[in-house]
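Worksheet for the structure shown next.
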Amino acid sequence: MKGPLLILLLLLGWGTISPVSSQPSGTARTDKTDLGRPIHITSDAVESDHTMGWVEFTGNVKATEEDAVITADRIKIFYKSDDSETSTAATRIEKIVSRGNVKILFDNKTKTAIAEMAEYNADQQVLILSGGDPTVWSGKNVVSGKKIILFQAEDRTVVEGDGKEQVKATFYTEGEGGLVKQRP
């Protein structure tokens, strides 16, 4: 395993990527003393490959950044290093792939997502939930389908069925905003 500094920098949130926060990730780091928001990760084991640009946490993985929490059987983080040939520092997260019993709490823990796989593309700020029965709860509201795509930058969600199973959703309205007028 190469680069204890690499793992430390990933754990400290080197860069400004927010894998599950609904807030934009902000601007790029310009000052080397700015470590961004810390990401705390615990797991049974960790493996990294600096040449290939990834670090993988396996077994009872829990990643926490501010108010967001991801739990999964494994989380693999793909990153870009700076252009220096001698550097082992991760300078930018490209993609995060979580597999197995994935559960994500986000937006001040008001939303919950579950799936067998979650893939976050940092550049596009897109989270794709797939496998099993992907489901997202927001308060009492719930939506599920074969695939759920959350476009963070656009504050937009797409839920797809698979041709056999339709998308399922339950939404609660406040007050008189429903389809049926309440009788006195």
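The values are calculated or read from the model by the stated rules, or taken from the named source; none is laboratory data. Remember, it's a predicted structure, so these values are computed and weren't measured experimentally. A quick note on method: Cβ atoms are made from the backbone with ideal geometry, for glycine too, and the neighbour counts reach across all protein chains shown.
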Original post:
Can you tell me which residues in the range 113-126 are modelled with pLDDT under 95 and either over 15 Å from V97 (Cα atoms) or of a type in the set (A, V, I, L, M, F, W, C) (or both)?
Top reply: A122
Original post:
Could you give every pair whose Cβ atoms fall below 9 Å, whose first residue belongs to the range 147-171 and is free of Cβ contacts under 8 Å to residues at least 12 places away in the same chain, and whose second residue is part of a strand (DSSP E or B) and not basic (K, R), counting only separations of at least 6 or pairs across chains?
Top reply: R156/I149; R156/L150; V158/I148; V158/I149; V158/L150; V158/F151
**OP:** Would you mind listing the strands (runs of 3 or more DSSP E) fully within the range 87-136 where at least 3 residues are more than 12 Å from the chain's Cα centre (by Cα) and not charged (D, E, K, R)?
**Re:** 90-106
Original post:
Pick from the range 76-107 the residues that are under 26 Å from G139 (Cα atoms) and in contact with a Ser or Thr (Cβ under 8 Å, 6 or more places away or on another chain): which of them is modelled with the lowest pLDDT?
Top reply: D107
Original post:
Within the range 139-161, can you find the residues that are of a type in the set (A, V, I, L, M, F, W, C) and touching a Leu at 6+ places or on another chain (Cβ under 8 Å)?
Top reply: I148, I149, L150
Subject >> Where S130 falls short, out of the listed (1) under 13 Å from E160 (Cβ atoms); (2) at pLDDT below 95 >> reply: (2)
**OP:** Tell me, yes or no, whether the range 45-58 has at least one residue that is of a type in the set (S, T, Y), within 29 Å of N141 (Cβ to Cβ) and either touching a strand residue (DSSP E or B) at 6+ places or on another chain (Cβ under 9 Å) or at pLDDT 90 or above (or both).
**Re:** no
